[in-house]
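Visitor: Next up is a structure, given as structure tokens.
The values are calculated or read from the model by the stated rules, or taken from the named source; none is laboratory data. Computed from a predicted model, the values in this text were never measured in an experiment. Ideal geometry is used to build each Cβ from the backbone, glycine not excepted, and the neighbour counts take in all protein chains shown. These area figures cover heavy atoms from the full protein model, side chains too; ligands, DNA and RNA do not enter into them. Shrake-Rupley method; radii C 1.70, N 1.55, O 1.52, S 1.80 Å.
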Amino acid sequence: MDQQLQAVTPLSLFPQTAGVNGKGHLALGGCDVTALVTKHGTPLYILDETTIRGKCREYRREFTQRYPNTQVIYACKAFINPALAIVLQEEGLGLDVVSAGEIAVARSVAFPSDKIYFHGNNKGQEELSLALEQRIGRIVVDNFHELGLLTALTKEKGLVQDILLRISPSVDPHTHKYVTTGVLDSKFGLPLATGQAEEALSQAVAAPNLNVLGLHFHLGSSIFEASPYVEAIELTLRFAVQMKQKYGFRLAELNVGGGFAAQYQLDSPPPPTAEYAQAIVSAILNSCDKLALAPPRLIVEPGRGIVAQAGVALYRVGVTKEIPGIRRYVFVDGGMGDNIRPALYGSKYEAVVANKMNKASTDMVTIAGKFCESGDILIKDIRLPDLSENDIIAVPASGAYSLPMASNYNAFLRPAILMVTDGQSRLVRRRETHEDLTRCDLT
Ligand code: LLP
């Protein structure tokens, strides 16, 4: 591929194996994307296994080379299915789950329970019982109600459970307010500032069947700065020392959450993983040194950082609507049902035309979906090559939070998912059928 083409196509946002083949088509994992679409239809999501494995290794390497006692766990909410869980297990990651459903997906491939961390702000008695019976590695306690339930359930079952307490450190990570979690006015976690974190910790250390291994915070998602992590670590470690003095609490584990940004647009590159790792590790080592605290085991839980770049969404162009002097809409066969993020957060994406990779981007268009909502716009104002019916639009950075937030709105079918690697592709989720739509219904 020549230099000029690189400059006009956002190929760097695509999976690590992306390229343009001799036919001028987008290739992923050594597979011609237009051939995959011919075989499997659209909308179609492609996951590049090489990129997923590469990201798992990058996170493990960047943290463990600076801080050997690190465990990387993957936040399943970004996307999980059995095929991905197998890859993650092979790469040595643990899992962050938030529901009995995510636990069930993990267990469907015999993912080791002891490497699973169970989060959530409203875990019910049934979910907690299940987690205890399945010997889930850590339950991350979010509130007093859960603490009470767990204290009673562990006693009743005669089990001892390792837990972390999720604290809310009042640190603003400067991201979208829907994905900001570690501020005081948040539904998540036990605030440090109000004394509720201390109250919960004192109760938890006194519960004979709970082993309080450590503390957790998660500041938010798509965080483009490392400094909020540093601030939260300093506050948390200072709290840990006070709790040691007051209640004999020993901080064996510190979970600093996820939230590491991924690149969606050419002009918004996130910091490299190394930069987050360096800031987090230095903050822990400096604070531990200052506070005479033994450095705890570090847990990081990226979701988006592992899968965003690996995923590509493919759509087929249908109708075009030209409003003279105003806008040219190009309609595709997916939209907010498979990717709610533009409508929900105003998220912005780039795109290419997978069957016209060598053509210049001459036309300004707006890519809209086929759902019955005016807000169903995937990309507003993007310059692409001259488009015709049946062209294939490829949207990069689609591996995180599109499919797991997908819906059957308008009774459209949720897409198929292919995993590609080394010139091979395999279906890891079949396209839904009309029978699937009524499978749970009764008359
Ligand atoms: N840990 C906890 C406790 C979390 O709540 C989350 C994400 C993560 C880790 C992983 O965050 P990540 O590394 O993926 O940023 N639907 C939104 C994102 C919601 C994130 C929820 N929690 C989006 O599409 O941007």
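Visitor: Explain nothing, just the number: dipole magnitude of the chain about its Cα centre with +1 on each Lys and Arg Cβ and -1 on each Asp and Glu Cβ, in debye rounded to the nearest 20.
Guide: It comes to approximately 360 debye.
Visitor: Further question: What shape does segment 50-307 have by the C-alpha gyration tensor, where a ≥ b ≥ c are the square roots of the eigenvalues, rounded means a/c under 1.5, and otherwise prolate means a/b greater than b/c and oblate the rest?
Guide: Oblate.
Visitor: Using R₀ = 41 Å, calculate the FRET efficiency as 1/(1 + (r/R₀)^6) where r is the Cβ-Cβ separation of residue 413 and residue 345; round to 0.05.
Guide: 0.95
Visitor: With both partners inside the chain, how many of the DSSP beta bridges are antiparallel, as a percent to the nearest 5?
Guide: Here the share of antiparallel DSSP bridges comes out near 45 percent.
Visitor: Additional query: Could you bin all the Cα-Cα distances of segment 292-443 into 10 Å bins starting at 0 and give me the percent of pairs in each, rounded to whole numbers?
Guide: So the P(r) values, bin by bin, are 10, 35, 32, 14, 6, 3, 1.
Visitor: Please check: in the Gaussian network model of the chain (C-alpha springs, under 10 Å), which one of 23, 77, 123 has the largest mean-square fluctuation.
Guide: Evaluated over the chain, the most mobile residue of the options is 23.
Visitor: Excluding residue 430 itself, calculate the net charge of residues whose Cβ lies under 14 Å from the Cβ of residue 430, where each Lys or Arg counts +1 and each Asp or Glu counts -1.
Guide: The answer is +3.
Visitor: Students often forget the sequence filter, so: which lysines lie under 16 Å Cα-Cα from residue 290 once same-chain residues fewer than 8 apart are removed?
Guide: Cross-link targets: 244.
Visitor: Given labels modelled 7 Å from the Cα in the Cβ direction, how far is it in nm from residue 246 to residue 159?
Guide: Here the modelled spin labels are 3.0 nm apart.
Visitor: Suppose accessible area is computed on protein heavy atoms with a 1.4 Å probe; arrange 440, 31 from highest to lowest.
Guide: 440, 31
Visitor: About the Cα centre, and with charges only on the beta carbon of Lys, Arg (+1) and Asp, Glu (-1), how big is the dipole of segment 50-307? Nearest 20 debye, please.
Guide: 440 debye
Visitor: What is the extension gain from residue 323 to residue 206, computed as 0.36 nm multiplied by their sequence separation minus the C-alpha to C-alpha distance, in nm to one decimal?
Guide: Extra length from residue 323 to residue 206 when fully extended: 35.3 nm.
Visitor: Pairs of alpha-carbon atoms within less than 8 angstrom and 6+ residues apart define the contacts here; what relative contact order does segment 262-421 have, in percent?
Guide: It comes to 28 percent, rounded to a whole number.
Visitor: Can you sort 202, 108 by solvent-accessible area, 1.4 Å probe, largest first?
Guide: Greatest to least solvent exposure: 108, 202.
Visitor: Using just the alpha carbons, could you tell me how many Å³ per residue the convex hull of segment 6-161 encloses?
Guide: So the per-residue hull volume is 162 Å³.
Visitor: Please tell me the relative contact order of the chain in percent, rounded to the nearest whole number, where contacts are Cα pairs under 8 Å and at least six residues apart.
Guide: After rounding, I find 20 percent.
Visitor: Sticking with this structure for a sec: Percent of Cα-Cα pairs more than 12 Å apart in segment 180-222, please.
Guide: Across segment 180-222, Cα pairs with separations above 12 Å total 65 percent.
Visitor: Continuing with this model, one more query. With a probe of 1.4 Å, find how much accessible area segment 50-307 has per residue, and write the answer as a whole number in Å².
Guide: For segment 50-307, the per-residue accessible area is 39 Å².
Visitor: Packing-wise, with mean Cβ within 10 Å as the measure, how do 376-385, 285-294 rank, highest first?
Guide: Most protected by this proxy first, the peptides run 376-385, 285-294.
Visitor: So for segment 50-307, averaging the separation of alpha carbon pairs under 8 Å that are six or more residues apart and normalising by length, what relative contact order in percent results?
Guide: 21 percent
Visitor: Suppose the chain between residue 107 and residue 238 were pulled fully straight at 0.36 nm per residue; how much longer would it get relative to their current alpha carbon spacing?
Guide: Going from the current span to full extension adds 43.4 nm.
Visitor: Can you give me the distance in nm between label points at residue 294 and residue 114, each placed 7 Å from the Cα along the Cα-to-Cβ direction?
Guide: 1.9 nm
Visitor: What ranking, highest mean first, results for peptides 32-45, 176-189 when packing means the other Cβ atoms within 10 Å averaged over each residue?
Guide: 32-45, 176-189
Visitor: Based on the Cα gyration tensor of segment 153-217, what are the three equivalent ellipsoid semi-axes, each the root of five times an eigenvalue, rounded to whole Å and given largest first?
Guide: After scaling each eigenvalue by five and taking roots: 28, 12, 9 Å.
Visitor: Same structure again: Given a Förster distance of 30 Å, report the FRET efficiency between residue 172 and residue 364 from their Cβ-Cβ distance, rounded to the nearest 0.05.
Guide: Step by step, r from the Cβ atoms, then E = 0.25.
Visitor: Within segment 50-307, what whole-number % of the accessible surface is contributed by carbon and sulfur, with the 1.4 Å probe and all protein chains included in the calculation?
Guide: Carbon and sulfur: 50 percent of the exposed surface of segment 50-307.
Visitor: Using only protein heavy atoms and a 1.4 Å probe, report how much of residue 389 is accessible, in Å² to the nearest 10.
Guide: Residue 389 has an accessible surface of roughly 130 Å² with all protein chains in place.
Visitor: Hey, what number do you get for the chain at 222 nm if only DSSP H runs of n ≥ 4 count, each worth -39500 (n - 2.57), divided across all residues, to the nearest 500?
Guide: Result for the chain: -9000 deg cm²/dmol, rounded to the nearest 500.
Visitor: Quick one: order 61, 431 from most to least accessible surface, probe 1.4 Å.
Guide: Greatest to least solvent exposure: 61, 431.
Visitor: A further question on this structure: Which lysines have a Cα less than 28 Å from the Cα of residue 356, not counting those fewer than 8 places away in the same chain?
Guide: 23, 39, 321, 348, 370, 380
Visitor: If you count the DSSP beta bridges with both ends in segment 50-307, what percent of them are antiparallel, to the nearest 5?
Guide: In segment 50-307, DSSP labels about 5 percent of beta bridges as antiparallel.
Visitor: Per Stokes-Einstein, at 4 °C and 1.567 mPa s, what whole-number D in µm² s⁻¹ belongs to the chain, with the Kirkwood radius over Cα pairs as the hydrodynamic radius?
Guide: In µm²/s, the coefficient rounds to 56.
Visitor: For residue 115, which lysines qualify as cross-link partners when the Cα separation must be under 17 Å and same-chain residues fewer than eight apart are set aside?
Guide: Within the straight-line limit of under 17 Å, residue 115 reaches these lysines: 77.
Visitor: Let me ask another. With every protein chain left in place, what is the accessible area of residue 266 in Å² (1.4 Å probe, nearest 10)?
Guide: Taking all protein chains as shown, residue 266 has close to 80 Å².
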